[in-house]
1. Would you mind finding the one in Val223, Val227 that is touching a Phe, Trp or Tyr at 6+ places or on another chain (Cβ under 6 Å), in a helix (DSSP H, G or I), modelled with pLDDT of 95 or more and crowded, with 18+ Cβ neighbours inside 10 Å?
2. Name the residues in the stretch 178-236 that are more than 18 Å from Arg128 (Cα to Cα) and of a type in the set (Val, Ile, Thr), would you?
3. Applying the selection to the stretch 79-119, what residues are surrounded by 14 or more Cβ atoms within 10 Å (Cβ to Cβ), in a loop (DSSP other than H, G, I, E, B) and over 20 Å from the mean Cα position of the chain (by Cα)?
4. Among the residues of the stretch 36-57, which ones are open to solvent by less than 90 Å² (accessible area, probe 1.4 Å) and under 22 Å from the mean Cα position of the chain (by Cα)?
5. Determine, yes or no, whether Ile176 is hydrophobic (A, V, I, L, M, F, W, C) and not in a helix (DSSP H, G or I).
6. For residues that are open to solvent by 40 Å² or more (accessible area, probe 1.4 Å) and basic (Lys, Arg), scanning just the stretch 120-150, find the one that is modelled with the lowest pLDDT.
7. Test Glu174 against the stated conditions and say whether it is surrounded by 13 or more Cβ atoms within 10 Å (Cβ to Cβ), out of contact with any strand residue (DSSP E or B) (no Cβ under 6 Å at 6 or more places or on another chain) and farther than 26 Å from Tyr67 by Cα.
8. Collect the residues in the stretch 178-219 that are open to solvent by 90 Å² or more (accessible area, probe 1.4 Å) and either among the acidic types (Asp, Glu) or at positive phi (or both), keeping them in residue-number order.
Amino acid sequence: MRRANIAVRRSPSPAPGSVSDNGATKKRSGNQTSDEGPMAGLRERKKARLRQQIVETALHLFRRHGYENTRIDDIVQTLEISQPTFFRYFPSKDAVLREVGRRAFARQAESLKSELSTKATTEQRIRRFYETLGNVTEVGRPLWQAVILAGAMDPVRSPELRGAEAATVSLLREIIAEGQKNGEITLDFPVVHLAEFMEGLFNTVVRQWAVDLTGPHKLTERVRSAVEFFLRGARP
């Protein structure tokens, strides 16, 4: 008797990643996704930390040796990183200064927000804000001279600063608008113009002070005079 040939049909192996793969591939994929989240967050934190270290090291060297006398080589050697690593974060030494300018605008915005939360008069708020700003700037005169000469806080020369500068001016407008509402500031001029006048006065005083290193003047005194001039003209 002839033995019947019985063809054994085997189910084809499921393709990798298919649903019929007992969910194994799908599970592995899910685990990989969940692992990438924490790793990606860790990488971002490390990058942010190194960026901060580059800025802080550069500022330390700028203050110690002067901006012009500090080279990128000095920064990377102090941090023990390579030049390519530096350039992944900042395309130039000037870019570090622009970051300083951006952070300065951010601190100004925080200070103005703090003033808005107080119950002080408009004059008290404006005097206190610009007095603090003048003191901080005067302490780091060589650094701020470099910032100003490089246009590192000029939104025209450094367009990436426009958002930060606009946020600061917007908060100053809020303070002045509240002063108009309370009858402390004249209604003869729009808020936007008054804010521009005050900012223009302060910026002019700081620029002149930064480049005129031979003058016997103190920035805080000149800022105080500028603020008093503005407030007298802005009274109703």
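1. Val227
2. Passing the criteria: Thr186, Val191, Val192, Thr204, Val211, Thr214.
3. Selection gives Ile81 alone.
4. Once the filter is applied, which keeps residues that are open to solvent by less than 90 Å² (accessible area, probe 1.4 Å) and under 22 Å from the mean Cα position of the chain (by Cα), the stretch 36-57 yields Gly41, Leu42, Ala48, Leu50, Arg51, Gln52, Gln53, Ile54, Val55, Thr57.
5. When the stated conditions are applied, Ile176 does not pass them.
6. Filtering first and then ranking leaves Arg141.
7. Taking the combined requirement at face value, the residue satisfies it.
8. Answer for the stretch 178-219, where residues must be open to solvent by 90 Å² or more (accessible area, probe 1.4 Å) and either among the acidic types (Asp, Glu) or at positive phi (or both): Asp188, Glu196.
The values are calculated or read from the model by the stated rules, or taken from the named source; none is laboratory data. Values in this document were obtained by computation on a predicted structure and should not be read as measured data. For neighbour counting, all protein chains shown are included, and Cβ atoms are generated from backbone atoms with ideal geometry for every residue, glycine included. Just the protein is used for accessible areas: all its heavy atoms, side chains included, with ligands, DNA and RNA removed. Shrake-Rupley method; radii C 1.70, N 1.55, O 1.52, S 1.80 Å.
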